[in-house]
């Protein structure tokens, strides 16, 4: 066995009122891919922030031994100098700058006081070749897709002579192709001696990639599993992460779908003036009462655009075609019109355009339906607290009280607040866009259970998801969307991952 | 012992809300000492409130503008220009006072809607759109006064708005040097405050919510009542409540109620917190932008009326730098430059802090150059206090 490149010994980190890490020891062997898994709030990000110097030496107890020496990182700069690079879920690139400027941002190649741009471009090209990214180094980062941006980030890390590369949820915004690319690259880097720590919620990719897996739960290291000894399996991981066995992560339900059509879209076309191209083409779909309809497809295939075009068209697409809600023809000019017709939309980006992070739980929950708790435009704030408390208990939102600001909640609980907000408008049709992105297994199960309860009560759900197992596990019927078209429709009995992938990529 | 702990807890949780009041109190106390009590004299306080009036109403409107992540630089010269229009309407067009005031308030709303059109419809950054307004209204003010220069306003009713006081109850001879009606109004305010507080507490209890422990609740009632009482007593010692004070109080109370209690207020803060999320929640960001800038325009007109009335004339430089005073007052009062956070009441206190500094330093005979530097220091410390307490608060 190789020598450990990194050893974190007995790390304890406390925040006011919480012990985020309790005596955690963590060892990474040189040249391996080491996955760090655990539910949200288990302490993975905290541990990596200590390693990278975001939480400086002295704010935690315990030792970090990296490359044989005890390290006292005071800032990210220190850890980078030692050869640790971390790539966060939210990419840290400057969209308006070019690829080469981004790669060498913060450690520019200079010739005296002047930046040597020719050398920079040349070296950037070499870095891009290393990550097998075929783009012009002079392109602006904003012109690249998320997958390519991720590779630019990795190129940036490689340009700093990284010895240990940490990736925090790298695939949460990637489609299957980009994921595969990334995995190939990571294996390739491994062969070139770069050690990699991968934080992930997606157990499939953990199983595919990891040499070793460390499971954290509630701020403690639960176990370290070795793939070469066959210890890494989905059930083993889940068992250790949640501390209980989940037999089926997609809960069962009775399918009671009526023939009543809640939403029907006919000959639906959309053009985005912003992008200058057609984004939706000849779409004909319907949703029945009590049904969960899955929208599968690759990232950028037009699923979210379709949902937004139905939900009052806030991005100003030029639309043609017809919408029928429970048989009646409708025209929505603003999300407000859609809400009034009983449609709700839980956005895929809960932090960006879903929640108001600086406001508290109750204000977020009631925002879309303030009139229900108001009399002559005056909000009854006592009634508001009651409403929020009802949802807090019915959706099991983990927060000390409803006056807590949403920014302080974990991802899964933020998602529940999002869902609560839209349940409070009492919709007939709930559109969920990537409802379980970036949340842990336990919270996923809870979201699925809530969905099942809702359709049993007669609500209809459109679920947009990039995770095929989720589409297969939850939907009654699947529309596959590809390049702005509905490329296929499958009843759940006939749907398989292979069939969906084939339709999504043609 | 638990009483002290409760009190500490309440103070710590509300330090941001009380911070402004405490700062104002400390500033007033310092000036009272350094001027041998001259600062706190009834006459000076009364004067100070009248001087604050025209900036205070602007600060109230500016609070909402900054909360929805915009800024309005045009309000100063808009106020100056509309003050001149009011003067022209009375002097040259011979409109009755209240018709003239209604006319300029209407113009103010229109000017605000024009800004909103540029910002919400044409998507021009508010900084640029209102900088254009700053130039344009300055030109308009010069144009309006070009033939006459300063326009003297002879109308007594109009001039009383900025200089006059509410009448006293006639025919009562007790307390000859005290303004009785002001005292009565102060008492009524205290009674209304106490009844409101008790009702609010009862309602909360009816919902089974946690309320303040009874002893702390009573201390709060007594303290606030004492403050209202003290202010009333000081004002009653001179000539009572001025009309300016009445107008500012009414405007602040209406806006405070609107922002804290109504659906409109919620929508404004939601847009400030996250405009995309607000739009997707069915709130029309455009509509609210029109409302906020429209209200800002109306308050600019009111500010212009207050200032013209105070000077009893419309001058060619009226409104100069009002916008920056209003913005500074809002920031001192705890409005966040990032949007979504800020209280109308805080901005009013911020405006009072600014005028208190000027008034106190004038009384002490401090040179104007130093005055600016002191005000700069206070502005910066207020925002530092705000930023540091915000990160620790929930």
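A few points about this structure:
- Across chain B, C-alpha contacts under 8 Å between residues 6 or more apart give a mean separation that, scaled by the residue count, equals a relative contact order of 36 percent.
- Within segment B:77-117, the percentage of alpha carbon pairs spaced more than 12 angstrom apart rounds to 56%.
- Entry for segment B:227-287 at q = 0.16 Å⁻¹: log10 I(q)/I(0) = -0.64, Debye formula applied to identical alpha-carbon scatterers, no solvent contribution.
- Among A:388-398, A:468-478, sorting by the average number of other beta carbon atoms lying within 10 angstrom of each residue, highest first, gives A:468-478, A:388-398.
- Counts of other chain beta carbons within 10 angstrom of each beta carbon in peptide A:142-151 average 0.
- Distance from the Cα centroid of segment A:426-505 to that of segment B:287-336 is 53 Å (rounded to whole angstrom).
- Base-10 log of normalised Debye intensity for segment A:353-425 (one unit scatterer per alpha-carbon) at q = 0.14, 0.15, 0.27, 0.28 Å⁻¹: -0.36, -0.41, -1.31, -1.39
- Hydrodynamic radius (Kirkwood) for segment B:1-109, which is based on Cα pairs only, to one decimal in Å: 18.1
- Normalised by 2.2 N^0.38 Å, where N is the number of residues, the C-alpha radius of gyration of segment A:215-310 stands at 1.74.
- The protein assembly as shown - share of DSSP beta bridges that are antiparallel (%, nearest 5): 60
- Value of [θ]222 nm, deg cm²/dmol, for chain B, DSSP H segments ≥ 4, -39500 (n - 2.57) each, nearest 500: -25000 deg cm²/dmol
- Peptide A:308-318, shielding by other chains (average Cβ, 10 Å cutoff): 1
- Sorting the segments B:105-118, A:74-87, B:140-153 by their mean number of nearby beta carbons within 10 angstrom, highest to lowest, gives B:105-118, A:74-87, B:140-153.
- Expected-Rg normalisation [2.2 N^0.38 Å, Cα atoms] applied to segment A:91-224: 1.14
- Note on B:266, B:310: ascending count of other Cβ atoms within 10 Å places them as B:310, B:266, the fewest first.
- Span per principal axis, largest first, for the Cα atoms of segment A:4-242 (Å): 50, 39, 32
- Among B:322, B:193, the order by Cβ neighbours within 10 angstrom, fewest to most, reads B:193, B:322.
- Chain A - percent relative contact order, Cα under 8 Å, separation 6 or more: 15
- Cα-only Debye scattering, chain B: base-10 log of I(q)/I(0) at q = 0.11 Å⁻¹: -0.87
- DSSP beta bridge pairing in chain A, given as percent antiparallel to the nearest 5: 60
- Shielding value for B:267-277 is 6, the average number of Cβ atoms from other chains within 10 Å of each residue's Cβ.
- Each Cα pair of segment A:457-506 feeds into the Kirkwood radius, which the Stokes-Einstein equation turns, at 20 °C and 1.002 mPa s, into a diffusion coefficient of 190 µm²/s.
- Packing rank of A:346-355, A:361-370, B:252-261, B:348-357, where each peptide gets the mean count of other beta carbons within 10 Å, highest leading: A:361-370, B:348-357, A:346-355, B:252-261
- If you take the Cα centroid of segment B:91-130 and the Cα centroid of segment A:273-335, the two points sit 40 Å apart.
- Residue-averaged 222 nm ellipticity for chain A, from DSSP H runs of 4+ at -39500 (n - 2.57), nearest 500: -9000 deg cm²/dmol
- Inter-part distance, segment A:202-266 to segment B:367-392, computed on C-alpha centroids, equals 53 Å.
- The equivalent ellipsoid that matches the C-alpha gyration tensor of segment A:55-132 spans semi-axes of 30, 15, 13 angstrom, in descending order.
- Diffusion of chain A by Stokes-Einstein, at 20 °C in a medium of 1.002 mPa s and with Rh set to the Kirkwood radius over alpha-carbon pairs, works out to 87 µm²/s.
- Size descriptor, Kirkwood hydrodynamic radius, that averages inverse alpha-carbon separations across the protein assembly as shown, Å: 31.4
Since every read-out is calculated from the coordinates, none of them should be taken as a lab result. Keep in mind it's a predicted model, so treat the numbers as computed, not measured. Cβ sites come from the backbone with ideal geometry, for glycine too, and all protein chains shown count toward neighbours.
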